[in-house]
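Visitor: For reference, the structure I am asking about is given below.
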Amino acid sequence: MSHVVLTASFLGVAGIVAGITGTAGGITTLVAYPALLAVGIAPLAANVTNSVAMVGSGLGSASRAAPDITGQGATIRRWLPVSITMSAAGAVLLVVTPGAIFGRVVPFLVAAGSLILLAQPRISRWQEENEHAWGRAAVLGGLGGVSVYNGYFGAGSGILLIALLLLTAEPVLHRANAVKNVLLAASDILPAVLFAIAGTVVWTAAIPLGTGTIAGGLIGPSIARRVRPGILRVLIACLGLTLATWLFISS
């Protein structure tokens, strides 16, 4: 079997696993990004190739989200324009000013999102006891920051978005995960188009990886619905902390 076929097969399998972990919890990058580095793709090219490939995961998971987003139409309509616009802005920032400084902050952002996810039940109880409500400006500001980050690098952006949703809009984990899948599916399209136009995508890797993520994206939501919220929360947080550690060491 040729090296090309082996590489494509490896990336296809990595795509399936990445699609499942991403749509069930938001950690596609934990699998996909290292897989691209493992086949010899440079970090910046691996980042944009991963972004393009993950569009398949988003579309697959969004197509399965309908049962879990009932009643969240207002939130999606309100959040979607901000998410799409700021993700595109993050992608432009990456293309115009690719640098290493932001990468040094990424591990701490991912770790913070993971810890917030673990602490969310206690935070929510505190909010209820103190009748604390997030202001519109704070919610949209947090969403804008997460979306810029998603377009720029994206590692762990799903975790950050789930944490924001749980604290402000949807307290049920698998439903927050489904809303996240819809928002990211729409928000990842413009960055993917921009990266494709910029010519930095390694298509021989993006195609098999993306094909795998479509399958994984279709499977992931079913897993998220069946796993108990407490277990899913810990699993996602542990994967996020693992990703944060790996990113910190590699940076």
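Visitor: Quick one: would you say A112 is aliphatic (A, V, I, L, M) and either surrounded by 21 or more Cβ atoms within 10 Å (Cβ to Cβ) or at pLDDT 80 or above (or both)?
Guide: The answer is no for A112.
Visitor: Quick one: count up the residues across region 222-234 that are in contact with a Ser or Thr (Cβ under 9 Å, 6 or more places away or on another chain) and either closer than 15 Å to I16 by Cα or at pLDDT 75 or above (or both).
Guide: Residues that pass the stated criteria total 1.
Visitor: Looking at region 62-80, which of the residues that are modelled with pLDDT of 85 or more and of a type in the set (K, R) is surrounded by the most Cβ atoms within 10 Å (Cβ to Cβ)?
Guide: Only one residue fits best here, namely R78.
Visitor: Moving on. Within region 85-109, track down each residue that is modelled with pLDDT of 80 or more and under 19 Å from A198 (Cα atoms).
Guide: T85, M86, S87, A88, A89, G90, A91, V92, L93, L94, V95, V96
Results for (1) among the aliphatic types (A, V, I, L, M); (2) at pLDDT 90 or above, shown as yes or no for each residue.
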| position | (1), (2) |
| --- | --- |
| V179 | yes, yes |
| V182 | yes, yes |
| L190 | yes, yes |
| V193 | yes, yes |
| T200 | no, no |
| W203 | no, yes |
| L209 | yes, yes |
| A215 | yes, no |
| G220 | no, no |
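Visitor: Given L44, L59, which one is surrounded by fewer than 23 Cβ atoms within 10 Å (Cβ to Cβ), aliphatic (A, V, I, L, M), closer than 30 Å to S2 by Cα and at pLDDT below 80?
Guide: Being surrounded by fewer than 23 Cβ atoms within 10 Å (Cβ to Cβ), aliphatic (A, V, I, L, M), closer than 30 Å to S2 by Cα and at pLDDT below 80 holds for just one of L44, L59, which is L44.
Visitor: For region 150-183, give me the residue count where each residue is closer than 22 Å to P43 by Cβ and under 9 Å from the mean Cα position of the chain (by Cα).
Guide: Filtering region 150-183 down to residues closer than 22 Å to P43 by Cβ leaves 150-160.
Adding the requirement that they be under 9 Å from the mean Cα position of the chain (by Cα) leaves 150, 154-160.
Going through region 150-183 one residue at a time, the tally reaches 8.
Visitor: Please verify whether V146 is part of a helix (DSSP H, G or I) and at pLDDT 85 or above, treating the condition exactly as stated.
Guide: It is true that V146 is part of a helix (DSSP H, G or I) and at pLDDT 85 or above.
Visitor: Continuing with the same structure: Within region 162-251, which helices (runs of 4 or more DSSP H) (wholly inside it) include 2 or more residues that are surrounded by fewer than 17 Cβ atoms within 10 Å (Cβ to Cβ) and charged (D, E, K, R)? Talk me through it step by step, then tell me what you get.
Guide: Numbers: elements: 173-187, 189-198, 203-226, 229-250.
Fully inside region 162-251 and qualifying: 203-226.
The values are calculated or read from the model by the stated rules, or taken from the named source; none is laboratory data. Bear in mind that the values here come from a model prediction, so they are computed numbers and not experimental data. Neighbour counts are summed over all protein chains in view; Cβ atoms, including those assigned to glycine, are modelled from backbone coordinates with ideal geometry.
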